[in-house]
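The values are calculated or read from the model by the stated rules, or taken from the named source; none is laboratory data. None of the values given here were measured: they were computed from a predicted structure. Every residue, glycine as well, gets a Cβ built from its backbone with ideal geometry; the counts of neighbours run over all protein chains shown. Please note that ligands, DNA and RNA were not included when accessible areas were found on the heavy atoms of the full protein model with its side chains. Shrake-Rupley method; radii C 1.70, N 1.55, O 1.52, S 1.80 Å.
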Amino acid sequence: MSRLANKSSLTWQYTVVIIAMLLFLFPVVWMFLTSLKNQTDAFTTIPKWTFPATLDNYKAVLLERDFLLYLGNSLIVAGVSTVFAVILGSGIAYPYARYKLKGAKDVLTWILTLRIIPPIVTILPIYLLFSKIGLLDSYTGLILMYTFMNIPLTTWLLYGFFKDVPGEIEESALVDGCNRFTAFFRVIFPIIGPGLISAGLLSFIFAWNEFLFANILSGPNVRTAPVGLNEYATPVSVLWGQIAAAGTLIIVPIAIITLILQRKMVSGLTMGAVKG
């Protein structure tokens, strides 16, 4: 009886997982199919599941427009801001996790509130500030913005990992001839590798997909890929096939990176959840 109940429970769990997976994957699959349709098939009243596939939309996006440039801008901005966010987050999290600093809890809570504030509240003063100091439509402006946005995430994720590294390991490294700096980079950093990957990957995804700040703070020089999708909605028509092709190209890098690092990312998030 117990075995039958377990089998029934397992069946329900698989059913829920499969339904959830289909719900999440359907928009992506539909976007990919639309990217392979011509403009007529993409606009049919009754959606077509069988159609002559064409790569014209990808050719138009990659060869006739500047979308490759926008993808390059997104890669630069997301990549550099992720590196800064992880380095600065580590520098903030480590002393608060290792030493009993006065007011540590208050400072960490304040850092967390920076992430809670709705972006729409801060976009106007940030725009005026960047306009005054000449950071609009520049890599520096967007990198600063995304670094600032992701520091709370990296700080709190890495805080749990640093806190769970036994102090004896660092003391052993000091006895073996390391100073505080080399012990931190040669001993502590490799131990929290999964945490660094998790924090870095999440920061990269947030920066890669971000639209609001990129739309307001960027211009023709550093336009990112999500903002570049606006160009396919003209006053005359909406080029759904090309939008779908561009959207598919935006997803591909993130999907590849996630598939390569998924084991370490899941491992890092699980460790943080259990030990943090």
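Annotations
- Mean separation of Cα pairs under 8 Å and 6 or more residues apart, divided by the residue count, gives the chain a relative contact order of 31 percent.
- With a Förster radius of 41 Å applied to the beta-carbon distance between A5 and T45, the computed FRET efficiency rounds to 0.30.
- Fraction of accessible area attributable to carbon and sulfur, the chain (%, probe 1.4 Å): 71
- Across segment 129-254, the mean sequence separation of Cα contacts (distance under 8 Å, 6 or more residues apart), normalised by length, yields a relative contact order of 30 percent.
- Between the Cα long axis of helix 119-133 and the first principal axis of the chain there is an angle of about 80°, rounded to the nearest 10.
- With Cα atoms, 0 to 90° folded angle of helix 193-209 axis to the chain main axis: 30
- Cut-off 13 Å between beta-carbons: net charge of the residues surrounding G91, Lys and Arg +1, Asp and Glu -1: +2
- Counted by Cβ distance under 14 Å from N215, the other residues give a net charge of -2, where Lys and Arg count +1 and Asp and Glu count -1.
- Those chymotrypsin sites (Phe, Trp or Tyr not before Pro) in segment 81-136 that DSSP places in a loop and that have at most 12 other beta carbons within 10 Å: Y99
- FRET efficiency, I18 to F211 (Cβ-Cβ, R0 30 Å, nearest 0.05): 0.45
- Against the chain, whose longest principal axis comes from its Cα atoms, helix 240-275 is set at around 20 degrees.
- Three-way shape call for the chain based on the alpha-carbon gyration tensor, with the a/c threshold at 1.5: oblate
- Accessible surface, per residue, of the chain when the full set of protein chains is kept, probe 1.4 Å, Å²: 60
- FRET E, pair L25, N230, Förster distance 25 Å, beta-carbon r, rounded to 0.05: 0.45
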